[in-house]
Amino acid sequence: MEGSDSRLNALLLEEFAAPDADLRRNSRPGRALRAGKRTVEPRPRRANSRRGLTDPARHSYQPVESVRRALEILRSLNHLKIGSVSDLHRVTGFPKPTIIRMLETLIVDGYVARDNLCGGYRVTRKARELNSGYAGISMVIDAARPWVLELTERLKWPIAIGVPDDDAIALQFWTGVISPHAHASTVLGRRPNLLTSAMGRAYLSFCDEAERERCIRRMRLDPKIRLGEQDEQQFRQLLKRVQRDGYALREPRTWPYCTTTIATPIRSDGAVVALATISFFTNAIAKRDVMQRAVKPLIETCAKIEQSIEVIRSSAAIA
């Protein structure tokens, strides 16, 4: 790294102040359309829309009823633990011939087994595969979605959520499609590094010591990074400041230069499960307002996300 990082926050915050004209110049026009004297609000978007505030519950096509019934049979059998055709008929109300066809299909695919010693049908271990993806980022997105949408609607700046992925952070969720001030068409799929990105710095500051040392050792050996002894000492001091302050800033000498990104951790059971960021044009928020208008709301939102994660996990444990 060039120079001393001890002045990182000060150098960045000095550039925050700017007139409202700059904000307007860097902003997108409003989404409402005017027709005469009436303001026409945008219509709700379907689930696969890239524009507007999408509703994941809205569907683009009529549902396939046979698929819905098969899922209901699997869900009901999972709750019953062991169930007969009569048990499933009582619970779902489906005709018994339909239940038998659905069970036979699930048996062929390996999700259900007929076990006469148990007195009926039961789900198999393969059914656990349906939950493997949800235990990670999908659960975090479910917990975070309402809170980050509310924050974006309130502050107008885009919020992103990423998860640790080997030597980088994988961006998996972004509210830029509903932000009037998003600086890019999308950031999904990008992988900010651990050294200069806000998410990477927040992760290394709040992950456990063994993981932090493993990541720093890898950066030390990476010829692209060239983390020298002095640079490493400065970087470790920066991580201590992030731990103390509760948030991290992106290195201001990295692209995109016109924006600032602030990151905070999302934790569960003491471990960092994801990172959240808020990005805004550097000249859009005055230096004296950064903590109140960006940092504090993001930290409060992450606390709400953490509470929602615990509620989801508790509900899953009870079920």
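Scanning the stretch 90-99 for residues that are in a helix (DSSP H, G or I) and surrounded by fewer than 16 Cβ atoms within 10 Å (Cβ to Cβ) yields Arg90, Lys96, Pro97. Within the stretch 252-288, the residues that satisfy the criterion of being touching a helix residue (DSSP H, G or I) at 6+ places or on another chain (Cβ under 7 Å), surrounded by 20 or more Cβ atoms within 10 Å (Cβ to Cβ) and not hydrophobic (A, V, I, L, M, F, W, C) are Thr260, Thr261, Thr264, Pro265, Thr277. Tell me, please, whether a residue that is under 30 Å from Ile216 (Cα atoms) and modelled with pLDDT under 95 can be found in the stretch 121-132. For the stretch 121-132, residues under 30 Å from Ile216 (Cα atoms) and modelled with pLDDT under 95: present.
The values are calculated or read from the model by the stated rules, or taken from the named source; none is laboratory data. Computed from a predicted model, the values in this text were never measured in an experiment. With ideal geometry, Cβ positions are generated from the backbone for all residues, glycine too; neighbour counts draw on all protein chains shown.
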